[in-house]
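Undergrad: This is the structure I have questions about; it appears just below.
The values are calculated or read from the model by the stated rules, or taken from the named source; none is laboratory data. As the structure is a prediction and not an experimental result, all values here were calculated from the model. So basically every Cβ, Gly included, is an ideal-geometry build from the backbone, and we count neighbours across all protein chains shown.
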Amino acid sequence: MTIEDELKIITRNVVDVLPNKEELKKLLQERRPLKIKYGVDPTAPDIHLGHTVVLWKLRDFQNLGHIVQFILGDFTAMIGDPSGRNEARKTLPEDVIRDNAKTYLDQVFKILNKEKTEVNPNSKWFKQMGLDGFLGLASHYTVARVLERSEFKDRFVNKQEITLLEFIYPLLQGYDSVMLKNDIEIGGTDQTFNLLVGRDLQKDYGQKEQIVLTMPLLVGTDGTRKMSKTYGNYIGITDAAEQMFGKAMSITDNLIFTYFRLLTPVPETRIAGMELKVRSGEMNPRDAKAMLASELVVLYHGKEKALAASEEFDRIFKNKELPSEMPSSVYANSDKVWIVDALVDNKLAKNKTEANRLIQQGAVELDGSVISVPDYDISLEKEHILKVGKRRFLKIRGGKNTV
């Protein structure tokens, strides 16, 4: 493979190459396995498809013979990355981070080649740093420089809290690069400041500066905001096959080919061909979306489950039938239940406030009829089908719990 071919693969879908592509090209011309750093703070137990945008790029590097240095930020997670935040993060206890880290790695290796991945918990060096080392690190950056960050600048102007820990975070993330002596670091566009701090620190410590690659932030299923569990617009890689398929079918049409390019290994020639057919009217966007949904489910669940998920989706949404399987809830010794309680009890709503909002939005149906007022009791003399949104169903009845 020529340098130009390798460069084309590496920069596909990349937003920025810093300082420039020429420096990246020079690095590739060294014709050696490069060390590619990527860091993740395990602040939650699961990852969603938004996280996989960078992971698939890392897999490109591995396929080209390079080594991924995966930073498991078990130390930095206790502080929390301030990127994209308009308020201070809450610190996390070590036991929570430890549990999250295990599931993160299990899920990351659904994409990355484990044999070509070095896992580096950054607690390994930070817990041994000592006060002298920490003060030495802190001397490398000024408050004015850190305040250049838009998140901090806005919060400072608005007199919102900024903790000293948040000021320190970019230095800690950058110091990971000093410890690994990596050639390239990759992250989302929201990480640009942190990644450039890594370059600065490597230079200060007498090392060759890393090349920085930034990847786009994935827009969520709502079509407006970045994918996030906070916004509820995410597709988790541990979602059940039917749930993953259904969520993919709910994305807006303008995201179909962005998702194809960022989230699947489908060749660009095939994607471009489909895109052209959709634009010309030769292909229905729904069919392209169904192909995307199948590709995603195949990646994380296999072909058999992808086919079953597709058939189940068609049964519910094309043929207006009920799912072949759905959870069931029994209220023993009761002849009725308040619909708000039913939604919260069965995790169809996080709390009563959300349950009320769903009902007022017309998102709740009982036996096919929309329930539009929260002040409604479900009679339990017979079995009912409760539906929330497009994809969540529940059988509910009274009597003894034999399920």
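Undergrad: For the range 120-152, what are the residues that are in a helix (DSSP H, G or I) and among the charged types (D, E, K, R)?
TA: Residues satisfying the conditions are 124, 132, 145, 151.
Undergrad: Also, I was wondering about something else. I'd like the residue in the range 340-357 that is touching a helix residue (DSSP H, G or I) at 6+ places or on another chain (Cβ under 7 Å) and of a type in the set (A, V, I, L, M) and, out of all such residues, is surrounded by the fewest Cβ atoms within 10 Å (Cβ to Cβ).
TA: 344
Undergrad: A follow-up question, please. For residue 265, work out the one condition from (1) part of a loop (DSSP other than H, G, I, E, B); (2) at pLDDT 95 or above it doesn't fulfil.
TA: (2)
Undergrad: May I ask you to verify whether residue 303 is surrounded by 12 or more Cβ atoms within 10 Å (Cβ to Cβ), more than 14 Å from residue 242 (Cβ to Cβ) and not assigned by TED's automatic domain parsing to the domain that holds residue 365?
TA: no
Undergrad: Continuing with this model, one more query. With the structure loaded, tell me whether residue 172 is over 23 Å from residue 17 (Cα atoms) and part of a helix (DSSP H, G or I) or whether it fails that test.
TA: no
Undergrad: If I filter the range 240-265 down to residues being out of contact with any Ser or Thr (no Cβ under 9 Å at 6 or more places or on another chain) and among the polar types (S, T, N, Q), which single residue comes out as surrounded by the most Cβ atoms within 10 Å (Cβ to Cβ)?
TA: Only one residue fits best here, namely 264.
Undergrad: Which of (1) surrounded by 13 or more Cβ atoms within 10 Å (Cβ to Cβ); (2) touching a residue at least 40 places away in the same chain (Cβ under 8 Å) is the odd one out, the single condition residue 332 does not satisfy?
TA: Every listed condition holds for residue 332 apart from (1).
Undergrad: Also: Give the residues of the range 86-104 that are at pLDDT 65 or above and surrounded by 15 or more Cβ atoms within 10 Å (Cβ to Cβ), sorted by residue number.
TA: Of everything in the range 86-104, those that are at pLDDT 65 or above and surrounded by 15 or more Cβ atoms within 10 Å (Cβ to Cβ) turn out to be 92, 96, 97, 100, 101, 103, 104.
Undergrad: Can you give me the number of residues within the range 148-184 that are under 23 Å from residue 57 (Cα atoms), surrounded by fewer than 20 Cβ atoms within 10 Å (Cβ to Cβ) and among the acidic types (Asp, Glu)?
TA: 0
Undergrad: Got at least one residue in the range 286-294 being closer than 19 Å to residue 60 by Cα and modelled with pLDDT of 95 or more?
TA: Checking the range 286-294: not a single residue is closer than 19 Å to residue 60 by Cα and modelled with pLDDT of 95 or more.
Undergrad: Could you identify the single residue in 203, 226 that is of a type in the set (Lys, Arg), modelled with pLDDT of 90 or more and not assigned by TED's automatic domain parsing to the domain that holds residue 145?
TA: Every option except 226 fails the conditions.
Undergrad: Something else about it: Considering only helices (runs of 4 or more DSSP H) fully contained in the range 296-403, which possess at least 3 residues that are over 29 Å from the mean Cα position of the chain (by Cα)?
TA: Hits in the range 296-403: 339-345.
Undergrad: Further question: Assess whether residue 373 counts as being closer than 29 Å to residue 237 by Cβ and β-branched (Val, Ile, Thr).
TA: The answer is no for residue 373.
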